[in-house]
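Worksheet: one structure, shown below.
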Amino acid sequence: MKINASKMTTPIEEKDVQNLKTRTGMVMISDGKSKPELARLHLSMEMITIQKQDTTTPTPTPTNATHPPIESKERMVQITRQKVGGLGLSIKGGAEHKLPILISRIYKDQAADATGQLFVGDAIIKVNGEYITACPHDDAVNILRNAGDIVVLTVKHYRAATPFLQKQLSRETPESDNDATCAELKADENWKSVNSSRPVSISSEPENRWLDLVSVPLMMAYVTRYIYGTDKLRPNAFEVRGLNGTTTGIIHCDDLAILSQWLKYITDNVVGLTSLQMKLFNRNFPVGERIEYMGWVNEGVINNHISWQSYKPRFLVLKGTEVMLFDSPPLNVTGLTKANVAYKVYQTMFRVVKESETVDSRQHCFLLQSSGHEPRYLSVETRQELLRIENSWNAAIVTSVIKLGRKTFAVSHHGKTGGLTLDWQAGFSLTEGAEAAVIWQYKFSQLRGSSDDGKSKLKLHFQDHETRTIETKELECHVLQSLLFCMHAFLTAKVASVDPTFLSSIQQA
């Protein structure tokens, strides 16, 4: 039965197989320039796939390791590591033998077998987006072992190696010699006529057969309704981009309700997988250094040659005492140390931009400004995502301030040099002289307001507990912005940590 192209978008159908929910529905797909064509969207927890109807009558090809691919392309396969058996595959080859890393065995009913997309004779090109083609065998083994619980493999099939490796299975043992196997493989006559390929995955239904056109892993994927790099919202359309740049193309839905459903389902899966990856990362860190948030934002970039700003996707991470921006998501713990931008949370101001203050058509915007740096104008796709960031920011503020404990700034008070200390437990205190004698001290809950000249002069207004009078303290600080941002962080942390005294005081005020 052929699909009627005039029907276009269809309601989303849900299936639950072995407690794994999948969703399918008809949409229109384009490259953003050409006329959209009818296609089917298939969504699983870990992958979104664009499919087209198969109009031929091919011989059914079982998706198991004994029927390798026929076509010749790279493909991405996502595996969820199992507690028993790990990834469920063995490898041979390596750079020391001038051979690719080849899958030599797929263990029945384990993780690799469960994907239905990996085959004996597949060469592993990338692990989580990182090339391993130049890796020796032992290094490749270690990379696979330490790749996390959700692993994305980029593979290519080597048809010439498949018969040889399958023949090896009949006599292979766990202690089989990789060096000997590689030597025999290189001597095999068929090896010189290597062909690589990609399997065409087919989902069978009673009346229709579907061919996979492209599959995009959802782990830390980028979902957007905006035309790339602009503030222009696509009418009734969106795009999903994977970690390595693979894209669904532009997905068009003529029904706004169905469009909203697809966006919610896809975004929920992305957030769930990203949260899982965040938990895996956090196994490596103590409490005060853990990740509070990971996700995509868009940063407004001013270009001198045009009168408007363009937008660049950035991956935002709130970790311990730092807020970081990456051009692409970190794939491992080492990657977290390679941020393009990193600021201390307690020296950075976070502010949600009101709708009346937005500079263009982008919605759900916020500002990050760290002392001594230009403010960064950022936006996210939804109000819910903005609230998630705001809540995570408050949690990160508490974490960073508690870890910092106290910070002292050099100030002058009535012409005398001193130090203004912000202490998480004690509040504000001013000390002077070589012996750091305490001149005055107030709790955070006693602060009733502040004012400054934007340069170096600061006035702090405290209320005396006994007399209830307001006492003003005048200070001068050469790093005024840094002091103000840090002071704001301490006060925000007090509110966010629900300090009863502080909350009571601001309610009275």
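What follows is calculated from the coordinates using simple rules that are stated; it is not laboratory data. Quick caveat, the model's predicted, so the values are computed rather than measured. Neighbour counts run over all protein chains shown; Cβ positions are idealised from the backbone, glycine included.
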In Hz, Karplus ³J(HN,Hα) per residue of the range 395-407 (6.51, -1.76, 1.60; θ = phi - 60°; x = Gly, Pro): 5, 5, 4, 4, 4, 5, 5, 4, 5, 5, x, 7, 8
Estimated FRET transfer efficiency when R0 is 22 angstrom, pair Glu471-Val495 (beta carbons, to 0.05): 0.45
Estimated FRET transfer efficiency when R0 is 60 angstrom, pair Asp255-Asn340 (beta carbons, to 0.05): 0.95
Dipole magnitude (debye, nearest 20) for the range 77-148, charges at Cβ of Lys, Arg, Asp, Glu: 140 debye
Distance (nanometres) between label positions extended 7 Å along Cα→Cβ at Asp149 and Ser456: 5.5 nm
Amide proton proximity set for Arg234, modelled H, under 5 Å, gap of 5+: Tyr226, Ile227
Prolate/oblate/rounded label for the range 284-403 (Cα gyration tensor, a/c 1.5): prolate
Inter-part distance where the range 254-278 and the range 400-465 are each reduced to a Cα centre, Å: 47 Å
The range 13-47 versus the range 322-355: alpha-carbon centroid distance in Å: 32 Å
Restraint check, Lys338/Lys443; Lys457/Lys494; Lys98/Lys312; Lys73/Lys98, Cα-Cα greater than 31 Å: Lys338/Lys443; Lys98/Lys312
Per-residue ³J(HN,Hα) for the range 335-343, Karplus 6.51 cos²θ - 1.76 cosθ + 1.60, θ = phi - 60°, Hz, x for Gly and Pro: x, 5, 8, 10, 5, 6, 9, 9, 10
Rounded to whole Hz, the Karplus (6.51, -1.76, 1.60) HN-Hα couplings of the range 355-369, x for glycine and proline: 4, 6, 9, 4, 8, 8, 7, 5, 9, 6, 9, 8, 10, 10, 9
At R0 = 35 Å, FRET efficiency that the Cβ-Cβ distance of Lys33 and Arg383 yields, to 0.05: 0.70
